[in-house]
1. Just to be sure I understand the model, the point goes 7 Å from the Cα along the line to the Cβ. What's the resulting ARG462 to ARG65 distance in nm?
2. At R0 = 41 Å, how high is the FRET efficiency between GLU390 and ARG411 if r is their beta carbon distance? Nearest 0.05 is fine.
3. Taking 25 Å as the cut-off for C-alpha to C-alpha distance, list the pairs among LYS154/LYS187; LYS35/LYS154; LYS230/LYS410; LYS31/LYS75 that go past it.
4. THR277 versus LEU116, label points 7 Å from Cα toward the beta carbon: distance in nm?
5. What net charge do the residues around PHE236 carry, taking every other residue with its C-beta under 12 Å from that of PHE236, with Lys and Arg at +1 and Asp and Glu at -1?
6. Using r as the Cβ-Cβ distance of LYS31 and GLN382, and R0 as 51 Å, what FRET efficiency do you calculate, to the nearest 0.05?
7. Once ligands and nucleic acids are excluded and a 1.4 Å probe is used, how much of CYS74 is accessible, expressed in Å² to the nearest 10?
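The values are calculated or read from the model by the stated rules, or taken from the named source; none is laboratory data. Only a predicted model underlies this, so the values are computations on that prediction, with no experimental measurement involved. No Cβ is skipped: glycine too gets one built from the backbone with ideal geometry, and neighbour counts run over all protein chains shown. Heavy atoms of the whole protein, side chains included, go into the accessibility calculation; ligands, DNA and RNA do not. Shrake-Rupley method; radii C 1.70, N 1.55, O 1.52, S 1.80 Å.
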Amino acid sequence: MIRRGPWYRQVLVATPSPRKSPERYAKKWDKDFSKHRDFYEEDTPFLDDLRELRADGNNLELFLRDFVSEVPSCKVKIIQDFCRGALPLSSESGEAEKTEEEPQAWLDDRDSLTKLARANSPWLRAHGFYAQLKLLRFGLNGQPNADRRLIYVKNLGPSYIFALTETASFHQIGALREAFWKHLALKSSLKVKISLIGFKTFSLEFNMPYLALRNFGTRSPDRLGKPMRKRIDLSFFNIPKQANDGHGTYGLQEAHVSLSIIGVDHHRWACYCFADTDIGSACPDDQSHEDEQEETDAAEEEEMKEDPVVSDGQGDEVPEADMPVWDPRDYFLRVVDVRMKQILREWENVVHVVDEGVEDWIAAHPFSLSRHRRRHQGDDVQEAFDWIVEMIGLLRRLLGHFSKTIRVWKRFVASDGDISYFSDISEPHIRQRLDSIRGVFDELIDLDETLRGLNCSCQNLREIMSQILAPVGIVVAYFGTQQEIFHFERNPRSFVISVVVMTLSVNLIALFIFTAGRCSWPKRINYILEWLSPWRSELGQGDRGITPGLPHHV
């Protein structure tokens, strides 16, 4: 503080500032969100405002404009590359397209006061979807207000992105950009955002990628010009017979679900959900019944209007749209809970098949160098080594997915995580939702541990195979040359002796390198003698198999 007085007597006295409590910075849900707040600017599309300012560019360029800086953005590139070549909705070609594609968008608008829903077809093609979004959300003659708006798009395509970018309001732009690029790029997130500038708004965000085991059969890699997600080939992997009752190629299909809830209060918010549903069927026979199932679903829809944002009609919980949830956080946790249970089932299927396949393969390939097990030589050993390398690559990819998923959850539930935005909720059913979500992630952590164990087993197998394959390869290469380097007769007996000698040599070199710099020469010699002791006893008995390796304490 500065003590006042004559200018030459003024001195600056350092006084400790009061320590600010951590509670001042704790994440809390703003109480203003529970009140009705007058904010109708969201009835005006953001791009319309830009065009009034004579901004140049098509709708996608305008939508991404302030997202672009001097530093190239991978987010912008992902969205632009995905939409490149697609025709605007207002073009004649786009008008013709609406009769060819299947409806992919679902829209549900409801008034928070009257609880009434707008009368419109729930499933819409791109042009019908665009036409509905262009209507006023509030004050539309003869229609209830769209205070709570639910939007669901399955297998998101460029036309539906154009419809959303053209009609989004200013405070929805940022969340929609994030939703687009994270869905297209298979990103994971679970977070809450509260705007700090201007009129305060909230955004609840959930993005989760996963892999689904599918029999692709003869399905086309493209759907109406929209490229499907990438597939991971499992042709090297023997799918258990009980899971492969039909024809076709099994593999892992990339998939993603994205959810964003954007609002100004508990009574006025919009939900955007994008989900990949065109990933094939888990069983080949199911593919032939898809058309029949769609007809059945259409007939049932007349009796019950289902909310596809929550479950896509898959899973134990099939919510009814005419029994709406009005609290945005309650609805968010409900969707996350049901969607994560679906994703868990997909991961359980993948991990079960991989676990069973690796264990069966290890049991069928007991590699050793015993005299009565000489069948694992040459091409068989190389084929086994190649299989192990491919399996390690697959496990690394699976572990990468699990690592990102678990990291997102740990950040969310950390002491300073976004779960604090739900701490003021006292309703038992909402607390149960959180407990249910926690249980799903606990099971995912268990699956992650299973994959890590399999990866460790395969890594050990690769080391053993390297010890087998390297000496055999050297001996085979020498026996295949015409020029003699060493003077001994080439026959089966000398081949076996050469393999044993090379195996000893390779492992001795590996042991020498391993101990180099770690211990003195006397201790290094003791290590080598201890490692050789099993070989001396095995050679003395002459009957038991020998599996080279390092001492367990080295």
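1. According to this spin-label approximation, the distance is 5.1 nm.
2. The pair GLU390/ARG411 has a calculated efficiency of 0.80.
3. Where the Cα-Cα span goes over 25 Å, the pairs concerned are LYS35/LYS154; LYS230/LYS410; LYS31/LYS75.
4. In this crude spin-label approximation the distance works out to 2.9 nm.
5. With Lys, Arg at +1 and Asp, Glu at -1, the neighbours total -4.
6. 0.15
7. Roughly 80 Å² of CYS74 is accessible to a 1.4 Å probe.
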